[in-house]
Amino acid sequence: MPSLLKSGDRFWKCWNSKFKKEVKSPKLINGLTEDQRAEAFADFSSKTCTSVNDNQSSRLQRIYHDMLDMYKFHVDVELIESVTSKMKRVKAA
């Protein structure tokens with residue numbers, strides 16, 4: 001019964017230590033909040049990752065799309081059934 005006889009201050013101190021969530025101020029890095037850092041990163045990336053030569057950029061983009069087509073394949077129910085039927089029983093996928 002002694003726990004029921006706690007003083008109000010001690011009770012609330014205990015309650016808050018277990019259940020109250022602290023409100024944290026946003027962390028600053030280089031004086032910027034998280035949203036400002038995201039914006040700064042986007043600006044930096046757009047300036048850094050732009051092509052100096054438009055012809056080279058177009059050529060590389062075509063190569064990328066051509067290579068991307070090589071990695072695409074068609075998955076359908078028959079393919080999945082065929083593959084799963086060849087799996088050994090009582091084994092993890």
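Quick rundown of the values:
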| item | result |
| --- | --- |
| Number of the condition not met by residue 3 [criteria: (1) at pLDDT 80 or above; (2) not in a loop (DSSP other than H, G, I, E, B)] | (1) |
| Residue check for residue 66: of a type in the set (Asp, Glu) and more than 22 Å from the chain's Cα centre (by Cα) | yes |
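The values are calculated or read from the model by the stated rules, or taken from the named source; none is laboratory data. Because the structure is a prediction, the values reported are computed rather than measured.
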